[in-house]
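Engineer: The structure that follows is given in the form of structure tokens.
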Amino acid sequence: MTRLEFAGPGLSSDQWERINDLAVSLQPAQALWLSGYFAGVGSAARGSGGFDQVAVLDRAAPEQPLAPAAETRSLTILYGTETGNSRGLANTLAAAAKQQGIVTAVSDMADYKTRKLKDEQDLLVITSTHGEGDPPQSAVAFFEFLEGRKAPKLPDLRFAVLALGDSTYEKYCEGGKRIDRRLEELGATRLEPRVDCDVDFEEAAPAWIQSVVARLAPKQSEPVRTTPASRAAVSASATTAAFDKQNPFPATVIDNIVLSGRGSSKETRHVEFSLEGSGLRYEPGDALGVVPRNDPAVVDAVLDSLKLAADAPVVVKQKPSTLGEALSSAFEVSAVTPRFIDHWAELSGAAALAALRGPERAEARAAFMRAHHVVDIIRRFPVTGLDAAALLRGLRPLQPRLYSISSSLAAVPDEAHLTVGTVRYDLDGQPRAGVASSFLAERAAPDAVVPVYIQSNPHFRLPPDDAAILMIGAGTGVAPYRAFMQEREARGATGRSWLVFGERNFRSDFLYQTEWQGLLKDKVLTRMDVAFSRDRTPKAYVQDRLRQNARDVYAWLEEGAHIYVCGDAARLAPDVDAALRDIIAAESGRDAVAAAEYLAALQRDHRYQRDVY
Amino acid sequence: MTNTTTLDRSRDLSQPLDKLGPDETLKANSRQLRGTINDSLFDPITGAVTASDTKLMKFHGIYQQDDRDIRDERRRQKLEAAFSFMARVRLPGGVLSASQWLKLDALARDYAGETLRLTTRQTFQFHRVLKTDLRALMQGLRDVLLDTRAACGDDTRGVMASINPHLSKVHAEVYALAKQASDHAIPKTGAYDEIWYQQEAGEIKEPEEPFYGRTYMPRKFKIGFVIPPSNDIDVYAQDLGFIAIVARGKLKGFNVAIGGGMGRTDQAPETYPRLADVIGFIPVAQLIATIDAVMSVQRDYGDRVNRLHARFKYTIDDKGLDWIKAEIERRLGQPFAAARPFELTSNGDPLGWVEGDDGRHHYTMFIENGRVINTEQLRLMDGLRAIAQVHKGTFRVTPNQSLTIAEIAPQDRLAIAKLLDDYGLAGLNVGSALRLNSMACVALPTCGLAMAESERYLPALLSKIEPILDTHGLREEPITIRMTGCPNGCARPYIAEIALTGRAPGKYNLYFGGGFHGQRLNKMYLENVGEPAILDALEKVLGHYARARRPGEHFGDFAIRAGYVAAVAEGRHFND
């Protein structure tokens, strides 16, 4: 055999050298036998998942020239995630692609090296949307790059986008829409139309996965067969636990106490769940998904208004049920979605509802949605003779709610604690309440059983034990810090820790006050500052305390401290961010741009982590 | 006279600190009451101050307390106890101006739960003051020339003086002396101004406390002035009492009484209430020197090992009254003159209108348990504020926690009377004579010492006793009844004709036999009993009294004559 002119696909130069050495020494018969041998090895490797190694090698050597043949194109799956759903789907997609022999790399947008984008061949993007049309927080830098002027032309790229969103929000699936639009602008070719998934993405996402995988599969391969194995791969979540979002663990409530003292303007609860026997594990920073049931009074009000019977038979997720049960456990019956407005506009023929349709009416629609719950619309725009199935068609599936876990398994094995603010407000003269928080407040007494699962949060993690941490949180945002301190106490961590906590009133709202006092006394917590916004003393917020201690804050950062921010996304997060930039500028003499870059570098190094909602 | 070579000095100031109780070391190392109070006030993680600072702050007139009603609830909520502070004003003789009243009213509304508490030592207490509001409160008091110095702590407490409105001229003179005595005897440390007024620490003149030294007194020391025939201040309950001797309307001097004190501890028979002994007479000019001599004897010889045994009364009984008297005379440089005759007739208040010998009018109103507050039924606090806004004279807090609107010119009387009517305050002096002679301490929920209810319970209990009085025709019979939530005796229970001291929630010791004008201790009749047993006992003994009393015989005297309790001649036999 002669030495070949160019390297085969996916081979490192070292491998190629060895193959060339081998090639020149082989007799033709030997070479023929070896070709059959490697074909057999390859097939076995695919079956056992060994193909992963090839994929990894491929990604590790992107500078190698790639063969132009269609079947050798590389596939990158990029995901942007807030709660982990996109990550789970990306892993499912990767598994399905690999089954088809497609060379696949999976990457979080948070970690993706954007300079590689121009070399990508096939790109599948799965991303959620945060708040009103924003990217997931960890993906902000990727979006900035892609939508900025530095983004390269991508004429050779093929792509498809799966967008996750929540139709309660006005800018539904906007993150995915932005990527889809921008890749097209950059000259890339759309493989498949974008699919937008609502919170019940478990239905729509697998279909998109099957369809893009079929499109990418090598031509000579058989069409994608829906084998039992591939179905499993498509529906399996990334987590290896037996209990997950689709199959939550029935956890027993151990304790449920009100943390806020008498006279508080709010109600904050501490709820403890037993995870015993579940096999569920979590790390400090993770969240617990809680599957609530709707307030029976609200369900009754909907049924009464429509004169529908609770025992009317319905089908939910291909399973027979009753309307009462469906409204209690399967559908949102409080907050209104644009979809429901459309649906009810059609059913009722109400001009007032019809007038809220269309993108140009978004603002009025949003205001209307804030001012009405489902039952208000049903009452105000009556529909007679409605059948149960027609009602359910307009409703959004009931979603689990995520709460930061406020405990550590190292301190309380087999338990998960939550710190929950009960949401109560008046609407149209009627008392209303948050679905999950009021469920936990009113129907989760000790010994009650609540379905829960673990939602990993890899973007909110403790650093090594010897690193300093600066924890900034307001209200229930203090929850993960309780977990952090429990973990650090149990581990005997040596790194310093500084908690800056804010709430309304010292007397009633100093959440976990005696625990912090104990941690300070034992020197597990090095320092604590508090800011109360409704006491007689000048009202203060956490960012005020940071500014007052600017020198110390900057010194901690310079000494390698990791910063955490947890709490309100609309006010706390930007206010703290601005305070940190100002502090860095003032203490280091940097200008505003350089200070922002300092903070951005911290974020890239995972030293500035946020969990805001 | 005891030979000084055999005098036991093992427990007093002559010993090194390590031989004395831990509070002596705390005081000695406090840098004259500064401690770490500034740091404690600043600490934002807790509404409390450190344990040692709580003790030092008493010298500044401030007690750390917490709302005991919700202590357990908050513990479960992972919240520290609802700490707040009681601040006690230093108000010699209980006298204050109308503008001072208005300031106290405003401070109470701003910082102290919209209520003021009149006390058994003729002053005001602010309750439920937050740590973060303490400085504002103290500075507000300073604006009207008031402070809280030495209102608690091991020093001379608020100096009492009879409110006697009949003898207005003598009252004015005695009040001025009481104020002088208080100003003289309080600590001189600059700590108070530095901490509460945030004044720069100036150069400290050594010694900062020429009288008190580093360790102050072994225990609290109470001084009071009485103007016979009223014994409203309970002069026999003072560590150092001065009994005004008046001849033809002129103040001649004082009989000196030493060694009174109420505090005792249940199950500790070495503790007991004791009435003061009259040891002689001094002219007015000797007053300050006498205070120094008496206090210095207690300072030097008082027990500094066991705080339960540290009051002057125990020093006197341990060393012997004769020896103590001689030591005082030695320090005075001359013997006391013989005590002058005097007569005390009652320790109650002269309720209603009284015209003084200077032609001015005085109105004394019964304020149940001293609680000044607005309720749905009675806007007491608003009414008194309205009066203070027009009143040109003074107010006097009585030793029975009631209030005198004093020094009203004849032409202003109608206006005051109208305001009393307008706010429904004219009806406060109506009730059984027992109720009008009742007194209770604060106790639950704020007092850390309380074992049972007092202020919140006595009015209801009286409502159950009044039918018994009616049955036996005793509604108008003045009988003193006092209740405290613990055995310490803030409402001076051990000299009441009927007394109840708390042992546990709902349980009290019942005492009978105190002297009507405070001249005799009472004695325990029933121990650790609840309301049914108390009412049964009162029904039996009051009924017997109504049937068998002699003309003019007071209930306390009767209880002894009829054999319900034995007479207590001396405090040390109280527990016999």
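The values are calculated or read from the model by the stated rules, or taken from the named source; none is laboratory data. Only a predicted model underlies this, so the values are computations on that prediction, with no experimental measurement involved. Every residue, glycine as well, gets a Cβ built from its backbone with ideal geometry; the counts of neighbours run over all protein chains shown.
Engineer: Of A:ARG488, A:ARG536, A:ARG547, A:ARG482, which residue is surrounded by fewer than 18 Cβ atoms within 10 Å (Cβ to Cβ), closer than 20 Å to A:ARG607 by Cα and among the charged types (D, E, K, R)? If you could, list the steps in order and put the result at the bottom.
Structural biologist: Numbers: A:ARG488 fails: surrounded by fewer than 18 Cβ atoms within 10 Å (Cβ to Cβ); A:ARG536 fails: closer than 20 Å to A:ARG607 by Cα; A:ARG482 fails: surrounded by fewer than 18 Cβ atoms within 10 Å (Cβ to Cβ).
After ruling out the rest, the residue left standing is A:ARG547.
Engineer: Another question, then. Kindly indicate the residue of segment B:29-48 that is more than 24 Å from A:ALA540 (Cβ to Cβ) and crowded, with 22+ Cβ neighbours inside 10 Å and also nearest to the other protein chains (Cβ to nearest Cβ) among those meeting that condition.
Structural biologist: For segment B:29-48, the residue satisfying everything is B:GLY35.
Engineer: Here is a follow-up. Given the residues B:GLU476, B:GLU553, B:GLU497, which is the only one that is acidic (Asp, Glu), crowded, with 19+ Cβ neighbours inside 10 Å and under 26 Å from B:ASN429 (Cβ atoms)? Full working, then the answer.
Structural biologist: Values: B:GLU476 fails: crowded, with 19+ Cβ neighbours inside 10 Å; B:GLU553 fails: crowded, with 19+ Cβ neighbours inside 10 Å.
B:GLU497 is the lone residue from the list that is acidic (Asp, Glu), crowded, with 19+ Cβ neighbours inside 10 Å and under 26 Å from B:ASN429 (Cβ atoms).
Engineer: Additional query: Taking strands (runs of 3 or more DSSP E) that do not extend beyond segment B:312-408, which have at least 1 residues that are touching a His at 6+ places or on another chain (Cβ under 7 Å)?
Structural biologist: Passing ranges, in order: B:352-355, B:403-408.
Engineer: Going by what's in this entry, would A:ALA585 be described as out of contact with any Lys or Arg (no Cβ under 7 Å at 6 or more places or on another chain), more than 10 Å from chain B (Cβ to nearest Cβ), not in a helix (DSSP H, G or I) and not β-branched (Val, Ile, Thr)? Steps first, please.
Structural biologist: Working: out of contact with any Lys or Arg (no Cβ under 7 Å at 6 or more places or on another chain): yes; more than 10 Å from chain B (Cβ to nearest Cβ): yes; not in a helix (DSSP H, G or I): no; not β-branched (Val, Ile, Thr): yes.
No; evaluated as a whole, the condition is false for this residue.
Engineer: Still on this structure, I have one more. Could you name every one of the strands (runs of 3 or more DSSP E) located completely within segment A:411-454 that has at least 2 residues being in contact with a Leu (Cβ under 6 Å, 6 or more places away or on another chain)? Break it down stepwise before answering.
Structural biologist: Values: elements: A:415-421, A:424-427, A:430-433.
Strands (runs of 3 or more DSSP E) meeting the threshold: A:415-421.
Engineer: In addition: Could you go through segment B:250-260 and let me know if any residue there is at negative phi and not in a strand (DSSP E or B).
Structural biologist: Step one: filter segment B:250-260 for residues at negative phi, giving B:250-252, B:254-258, B:260.
Now narrow it down to the ones that are not in a strand (DSSP E or B): B:260.
Scanning segment B:250-260, I find at least one residue that is at negative phi and not in a strand (DSSP E or B), so the answer is yes.
Engineer: Still on this structure, please answer the following. Need pairs with beta-carbon distance below 8 Å; first residue facing chain B (nearest Cβ under 8 Å) and within segment A:248-266, second of a type in the set (A, V, I, L, M) and assigned to a loop (DSSP other than H, G, I, E, B); sequence gap 6+ or separate chains.
Structural biologist: Sorted first by the residue in segment A:248-266, then by its partner, the pairs are A:LEU259/A:LEU511; A:LEU259/B:LEU79; A:SER260/A:LEU511; A:GLY261/B:LEU79; A:GLY261/B:ALA82.
Engineer: Determine which single condition A:ARG507 fails, assuming it passes every other condition in (1) within 22 Å of A:TYR541 (Cα to Cα); (2) touching a helix residue (DSSP H, G or I) at 6+ places or on another chain (Cβ under 8 Å).
Structural biologist: Unmet for A:ARG507, out of (1) within 22 Å of A:TYR541 (Cα to Cα); (2) touching a helix residue (DSSP H, G or I) at 6+ places or on another chain (Cβ under 8 Å): (2).
Engineer: Still on this structure: Looking only at segment A:167-180, which residues are in contact (Cβ under 8 Å) with a residue 60 or more places away in the chain and within 15 Å of the chain's Cα centre (by Cα)?
Structural biologist: A:GLY175
Engineer: Continuing with this model, one more query. Identify all residues within segment B:278-294 that are farther than 14 Å from B:ALA326 by Cα and not in a strand (DSSP E or B); write none if there are none.
Structural biologist: Within segment B:278-294, B:VAL284, B:ALA285, B:GLN286, B:LEU287, B:ILE288, B:ALA289, B:ILE291, B:ASP292 meet the criteria.
Engineer: Still on this structure: Please list, ordered by residue number, the helices (runs of 4 or more DSSP H) wholly in segment A:482-562 having 2 or more residues that are facing chain B (nearest Cβ under 10 Å). Break it down into steps so the answer makes sense when it comes.
Structural biologist: Working: elements: A:506-509, A:513-521, A:542-548, A:550-558.
Per the criteria, A:506-509, A:513-521.
Engineer: Count, please, the residues in segment B:49-82 that happen to be among the aliphatic types (A, V, I, L, M), surrounded by fewer than 22 Cβ atoms within 10 Å (Cβ to Cβ) and either within 7 Å of another protein chain (Cβ to nearest Cβ) or free of Cβ contacts under 8 Å to residues at least 12 places away in the same chain (or both). Please lay out each step first, then the result.
Structural biologist: The initial filter retains those residues of segment B:49-82 that are among the aliphatic types (A, V, I, L, M), namely B:49, B:51, B:56-57, B:62, B:70, B:79, B:81-82.
This time we only want the ones that are surrounded by fewer than 22 Cβ atoms within 10 Å (Cβ to Cβ), so: B:51, B:70, B:81.
So of that shortlist, the ones also either within 7 Å of another protein chain (Cβ to nearest Cβ) or free of Cβ contacts under 8 Å to residues at least 12 places away in the same chain (or both) come out as B:51, B:70.
Here the count works out to 2.
Engineer: Inside segment B:354-373, can you point out the residues that are surrounded by fewer than 17 Cβ atoms within 10 Å (Cβ to Cβ) and in contact with a helix residue (DSSP H, G or I) (Cβ under 8 Å, 6 or more places away or on another chain)? Walk me through how you get there before you give the answer.
Structural biologist: Here is the first cut: in segment B:354-373, the residues surrounded by fewer than 17 Cβ atoms within 10 Å (Cβ to Cβ) are B:355, B:357-359, B:373.
Once the filter is applied, which keeps residues that are surrounded by fewer than 17 Cβ atoms within 10 Å (Cβ to Cβ) and in contact with a helix residue (DSSP H, G or I) (Cβ under 8 Å, 6 or more places away or on another chain), segment B:354-373 yields B:ASP357, B:ASP358, B:GLY359, B:ILE373.
Engineer: Only one of A:VAL195, A:VAL199 is at pLDDT below 90 and closer than 26 Å to A:GLU332 by Cβ; which?
Structural biologist: Working: A:VAL195 fails: at pLDDT below 90.
When all the criteria are applied, what remains is A:VAL199.
Engineer: For residues that are closer than 23 Å to A:GLY131 by Cα and of a type in the set (Ser, Thr, Tyr), tally how many sit in segment A:571-613.
Structural biologist: Looking only at that region, the number is 2.
Table: residues versus (1) modelled with pLDDT under 95; (2) in contact with a His (Cβ under 6 Å, 6 or more places away or on another chain).
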position: B:GLY530; (1), (2): no, no
position: B:ILE534; (1), (2): no, no
position: B:GLU539; (1), (2): no, no
position: B:ALA546; (1), (2): no, yes
position: B:ARG550; (1), (2): no, no
position: B:HIS554; (1), (2): no, no
position: B:GLU570; (1), (2): yes, no
position: B:HIS573; (1), (2): yes, no
position: B:ASP576; (1), (2): yes, no
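Engineer: Something else: Quick one: count up the residues across segment A:115-168 that are more than 30 Å from A:ASP568 (Cβ to Cβ), surrounded by 19 or more Cβ atoms within 10 Å (Cβ to Cβ) and either among the acidic types (Asp, Glu) or in contact with a Cys (Cβ under 9 Å, 6 or more places away or on another chain) (or both).
Structural biologist: Count: 2.
Engineer: With respect to B:PRO335, determine if the residue is at pLDDT below 95, touching a strand residue (DSSP E or B) at 6+ places or on another chain (Cβ under 8 Å) and of a type outside the set (S, T, N, Q).
Structural biologist: Values: at pLDDT below 95: no; touching a strand residue (DSSP E or B) at 6+ places or on another chain (Cβ under 8 Å): yes; of a type outside the set (S, T, N, Q): yes.
No.
Engineer: Of a type in the set (Asp, Glu) and either in contact (Cβ under 8 Å) with a residue 60 or more places away in the chain or in a loop (DSSP other than H, G, I, E, B) (or both): is that true of B:GLU466 in this structure?
Structural biologist: Numbers: of a type in the set (Asp, Glu): yes; either in contact (Cβ under 8 Å) with a residue 60 or more places away in the chain or in a loop (DSSP other than H, G, I, E, B) (or both): no.
Taking the combined requirement at face value, the residue does not satisfy it.
Engineer: For segment B:91-98, check the following and say yes or no: at least one residue is out of contact with any Ser or Thr (no Cβ under 6 Å at 6 or more places or on another chain), of a type outside the set (Lys, Arg) and within 14 Å of another protein chain (Cβ to nearest Cβ).
Structural biologist: No, segment B:91-98 has no match at all.
Engineer: Which numbered condition in (1) surrounded by fewer than 20 Cβ atoms within 10 Å (Cβ to Cβ); (2) out of contact with any Ser or Thr (no Cβ under 8 Å at 6 or more places or on another chain); (3) within 27 Å of A:CYS173 (Cβ to Cβ) is the only one that A:ALA297 fails?
Structural biologist: All conditions are met except number (3).
Engineer: Name the single residue, out of those in segment A:367-397 being touching a residue at least 12 places away in the same chain (Cβ under 8 Å), part of a helix (DSSP H, G or I) and of a type in the set (Gly, Ala, Ser), that is nearest to A:ASP428 (Cα to Cα).
Structural biologist: A:ALA371
Engineer: Also, quick follow-up: Residue by residue through segment B:106-152, note down the ones that are among the polar types (S, T, N, Q) and under 20 Å from the mean Cα position of the chain (by Cα). Walk me through how you get there before you give the answer.
Structural biologist: Of all residues in segment B:106-152, those among the polar types (S, T, N, Q) come to B:115, B:119-120, B:122-123, B:125, B:132, B:139, B:148.
Those that are among the polar types (S, T, N, Q) and under 20 Å from the mean Cα position of the chain (by Cα): B:THR115, B:THR119, B:THR120, B:GLN122, B:THR123, B:GLN125, B:THR148.
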